[in-house]
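Read the structure below first, then the notes.
The values are calculated or read from the model by the stated rules, or taken from the named source; none is laboratory data. Everything numeric in this text was worked out from a predicted model, so none of it was measured. We place every Cβ from the backbone using ideal geometry, glycine too, and count neighbours over all the protein chains shown. Only protein heavy atoms, including side chains, enter the accessible area calculation; ligands, DNA and RNA are left aside. Shrake-Rupley method; radii C 1.70, N 1.55, O 1.52, S 1.80 Å.
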Amino acid sequence: MGKSCLRWLCLPFLKFACSFRRCPSSKRNFIVAGVCVIYVFFLVSQVGHSRQDRNRRTAGNKYRPTPESYRLGIGDALRDLADLQNTDLVVPTRSNVVYITLRSKRLKPANIRGTVRPKLRRKVRRNKVENSSFTHSKTATVEREAGQIKRNFASKTSWRKSRDGDYKTMDVIHKFYTDTQPDSHISSIRIYSQRAPPWFSTEDIRAMCFLADAKVLRIKEVSHGDSPSLLIFEGETNISLTNKKHTQRNNVCVGRCGIINRPVDTSEVFAFHLDRVLGLNRTLPAVSRKFGFLHDGRPCPVVSWDASLYPKGLVTGWSGVRLTWREYQNTLKQRCWHKNITPKPDAGCSTIHHYEWSKLALFDFLLQIYNRLDQSCCGFKPRQEDACVELGHHAECEDHDHIQLANIIHRDQDPRHLVFTNNKGFFDRNEDNLDFGLLEGIKELPHQAVAVLRSSRLREKLLQSLFLDQTYWESQGGRQGIDKLIDVIERRAKVLLTYINAHGIKVISMNV
């Protein structure tokens, strides 16, 4: 039965083959060509149909997240978790889970707000009033805005004078604190697990949460000599271990405090996160926070108060080092305190360890901070609105060797290590006008920081780090604004790596 079926199926094919062989050659060629044309037409139609289906599927899934888009590099994350085995756990501030990825829809970039120079305004000279520590503008602002929130606050203002300078205190009694901060029960520091990013210490997280969420008990503005006045808020009555031994000598802050900066100085927050990502650990913790009674509720950078930077009070000023440019270059040549070797008395060394200058130069170059090593703007072409031009410092470049370095700060109990303060960075400076004078005399750079710059993870780490500060993240325009800032740092990192290779700068471990 099976053979008969097979014979009947093959019979038409056999008859066609026999008749095909009897046909003339021209007719056979015509038949073969026709069959080939039909086959090619069928093949092209099938390919076009499959391509249309694929395009339709792609368009349907264009805005649909994929499982891979929610991953931040499993292998890299495991390496980070391996570094966290000896660290303390952190209490999460959020319950739901949000992941940051490197895949983003790069739409029209947001404008950089609060990270570049402020708008030019005509300067108005004000005469100082005797026995008055507040400037007229700030006094009026604080008192006017304090009056607007009398429904929620009862304030008591008092004048005081101490060895730390003149200061005015405004005590704030919280009656209905939740009225001015409706989401005060939700921290603006977003931590979703028991382990924060590994570059933050437990103390960093505590300081960030305090600066972002602590209730304001009192506000003080302290004037000390010719230095700019400090606007300080006190949020706790208990005294931290770091400031405990300085409390009796320093009447500015009784408990734990933070310094409120101007809204245009938000580069302080970015500088803090960049410092921790690079492993330098030389800046004070800083976050962005909104105060309903200051600056019309705009986000302000708030920096942790450290009394050890003022061992003899605010009148005496920072615990720092005074050096001219020539003395600084001589210090680099002498490699002071290298390998913990005490320098000779006539070597002209300061108390700062040799490696600290390398860390400072790298940090200042990436952010283009010139108010420490190059406050006269001798290493680049400044603009007319830059402070060095307005104050007339740029004319001093003719006598560069005698220009004083500024803001070279260290803690009273740790004179070997620098503290990076007043981190006013500039993100709007082009790569063809960078201040390479910051790198003059530097022969070594820290390996840990350079390794992060050389890796492809600088953007990922900065995104993870900056995402913690919700107020700063939103004030910069969200992911798109943050990406624009990181673009600037990445371009400068490439310039720095090229400079390292061209000048033969050594990259060594600097764990001191």
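In region 320-467, the ratio of gyration radius to Kirkwood radius, Rg to Rh, stands at 0.98 when only Cα atoms are counted.
For the cross-link pairs LYS359/LYS424; LYS443/LYS484; LYS359/LYS381; LYS333/LYS359, the ones whose C-alpha atoms lie over 20 Å apart are LYS443/LYS484; LYS359/LYS381. Placing dummy labels 7 Å off each Cα toward the beta-carbon, the span from GLN329 to LYS215 is 5.7 nm. The residues of region 313-439 expose, per residue, 45 Å² of accessible area to a 1.4 Å probe. On the basis of the beta-carbon distance and an R0 of 25 Å, ARG454 and ASN281 show a calculated FRET efficiency of 0.80.
What is the sum of charges around GLN329, taking Lys and Arg as +1, Asp and Glu as -1, for the other residues whose C-beta is under 10 Å from the C-beta of GLN329? Taking every Cβ under 10 Å from that of GLN329, the sum is -1.
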